[in-house]
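Step one of this worksheet: look at the structure below.
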Amino acid sequence: MRGRFRVPENFSVARARVAQRKIAAKVLEEDAIKWPLRYVAGVDVAYRGNVAFAAAVVVETGSLKLVDSAVVRKEVSFPYVPTLLAFREVYPAWAALKALSVGYELLLVDGNGRLHPFKAGFACHLGVIVDKPTIGVAKKLLCGRVGSWRGNTAPVYVNGEILGLAVLTRKGSKPIYVSIGHKVSLRTAARLVISLVKRGAKLPEPLRLAHKLATAEARRFGDVA
């Protein structure tokens, strides 16, 4: 046992930290997006016990209509451990993206990117693996503090450095937290996320649909984790 979490005996947290540093070093924080954007993918993972249900969707940017989707089931052995989420979710998420038949120019991930104690959240891992512009969108603040609001956004500081933006997408709701995954700047990431939110919704449409699909599939097999 390490703290409250059971980590597989063949897994080394020390090696995981080395891997995170390598991932962090590969992340590009500049816009490398092919304009104009036509298709945007979103990916989310739900669980029942040790089974992951990863859903990937593709939406058209103008209409925000669903054009493709895929769901995969994968057994997982690694538990949820804060700051090590990527080691649990990357493979199922990657498999769901591989199952798509429509290509995409941008990927949204339900999780943090640079907004992470080691600057290597789930969105960074997955973005580097698929080598596409990737944005992390988290529902809760993992680390850091939110600075002063300017309009509907506020910087999130970690050790004095801005690693993300808190974004208000719906009146009366808590913010979502946007950060760089790969091949995108933070300013562009926030602008794109806001543009992909339907009126009255909180999450950008690719993630709203992916979350809906993943949880629906998991509920077919029992309670969702």
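Considering only residues that are assigned to a loop (DSSP other than H, G, I, E, B) and surrounded by 18 or more Cβ atoms within 10 Å (Cβ to Cβ), which ones fall in the stretch 85-124?
Of everything in the stretch 85-124, those that are assigned to a loop (DSSP other than H, G, I, E, B) and surrounded by 18 or more Cβ atoms within 10 Å (Cβ to Cβ) turn out to be L85, L100, Y104, G111, N112, G113, R114, L115, H116, K119, A120, G121.
Can L100 be described as hydrophobic (A, V, I, L, M, F, W, C) and more than 30 Å from V18 (Cβ to Cβ)?
Yes; evaluated as a whole, the condition is true for this residue.
Considering only the stretch 101-120, state which residues are in contact with a Gly (Cβ under 7 Å, 6 or more places away or on another chain) and free of Cβ contacts under 8 Å to residues at least 60 places away in the same chain.
G111 - this is the single residue of the stretch 101-120 that is in contact with a Gly (Cβ under 7 Å, 6 or more places away or on another chain) and free of Cβ contacts under 8 Å to residues at least 60 places away in the same chain.
The rows are residues; the columns are (1) buried (at least 20 other Cβ atoms within 10 Å of the Cβ); (2) in contact with a Leu (Cβ under 9 Å, 6 or more places away or on another chain); (3) of a type in the set (S, T, Y).
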| residue | (1), (2), (3) |
| --- | --- |
| T134 | yes, yes, yes |
| G147 | no, no, no |
| P155 | no, yes, no |
| S179 | yes, yes, yes |
| K183 | yes, yes, no |
| L192 | yes, yes, no |
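For the stretch 164-171, does any single residue satisfy the condition of being closer than 27 Å to R38 by Cβ and either out of contact with any strand residue (DSSP E or B) (no Cβ under 8 Å at 6 or more places or on another chain) or part of a helix (DSSP H, G or I) (or both)?
Yes, there is a match, as at least one residue in the stretch 164-171 is closer than 27 Å to R38 by Cβ and either out of contact with any strand residue (DSSP E or B) (no Cβ under 8 Å at 6 or more places or on another chain) or part of a helix (DSSP H, G or I) (or both).
Scan the stretch 125-151 for residues that are in a helix (DSSP H, G or I) and touching a residue at least 40 places away in the same chain (Cβ under 8 Å) and report the count.
The total comes to 4.
Can you give me the ranges of the strands (runs of 3 or more DSSP E) entirely in the stretch 32-84 with at least 3 residues that are exposed (fewer than 15 other Cβ atoms within 10 Å of the Cβ) and touching a residue at least 24 places away in the same chain (Cβ under 8 Å)?
none
Each reported figure results from applying straightforward, stated rules to the coordinates on display, with no laboratory input. Since the model is a prediction, treat every value here as computed from it, not as a measurement. So basically every Cβ, Gly included, is an ideal-geometry build from the backbone, and we count neighbours across all protein chains shown.
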